[in-house]
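Each remark here refers to the structure printed beneath this line.
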Amino acid sequence: MKRISVITLMLLLVFVACNSSEKKEEVTKKKSAKEVKEKQNPELVASMKRGKDVYTNFCVSCHLPNGKGVINTFPPLAKSDYLMNNRIESIKSIKYGQSGEITVNGVKYNGVMTPLGLEDNEVADVMNYIMNSWGNTNDELITEKEVSEIEQ
């Protein structure tokens, strides 16, 4: 009987230790994200907040709340190599729409994104939001002026 109790106690201690370290890791991640946000340019943080609203109103139905899109249909924005490596083309896609083949994270997409009718400031805000969400990081502020200078 004591042997079962000792084994049970050991399992309980292992469970508590593992659970405790997972919680510490989660708190550390939250703390890190908060510290990163606090160090960001306040103008970028404000733009990202506005951009989240634009994303929710115009983009979420195709690219989903988690930014993962729909494989072979709507490309992911989460951890997107295309988005992070093709700044001007990404802005053009939002500003003017996009058609033709692109490759995102090794997957080819050949769909059509219709122009959303957004103002230049809204394009800048949503770009700042998606370029700093879901594993994407970009400290370089996209401005309304930059968007206005991009032609079709």
Output the number of residues of segment 75-112 satisfying the condition of being open to solvent by 50 Å² or more (accessible area, probe 1.4 Å), out of contact with any Ser or Thr (no Cβ under 9 Å at 6 or more places or on another chain) and either more than 21 Å from residue 147 (Cα to Cα) or among the aromatic types (Phe, Trp, Tyr) (or both). 6
Which numbered condition residue 139 fails, given (1) closer than 22 Å to residue 52 by Cβ; (2) of a type outside the set (Val, Ile, Thr); (3) open to solvent by 60 Å² or more (accessible area, probe 1.4 Å); (4) modelled with pLDDT of 95 or more: (4)
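Looking at 119, 146, which one is more than 15 Å from the chain's Cα centre (by Cα) and open to solvent by 80 Å² or more (accessible area, probe 1.4 Å)? Give the derivation first.
Values: 146 fails: open to solvent by 80 Å² or more (accessible area, probe 1.4 Å).
On inspection, the qualifying residue turns out to be 119.
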Can you tell me how many residues in segment 113-128 are within 20 Å of residue 149 (Cα to Cα) and outside any loop (DSSP other than H, G, I, E, B)? 9
Would you pick out the residues in segment 51-106 that are part of a loop (DSSP other than H, G, I, E, B), of a type in the set (Gly, Ala, Ser) and free of Cβ contacts under 8 Å to residues at least 60 places away in the same chain? 69, 78, 80, 97, 100, 106
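The values are calculated or read from the model by the stated rules, or taken from the named source; none is laboratory data. Just so we're clear, the structure is a prediction, and the values are computed from it rather than from any experiment. So basically every Cβ, Gly included, is an ideal-geometry build from the backbone, and we count neighbours across all protein chains shown. Calculation scope for accessible area: heavy atoms of the full protein, side chains included, ligands and nucleic acids excluded. Shrake-Rupley method; radii C 1.70, N 1.55, O 1.52, S 1.80 Å.
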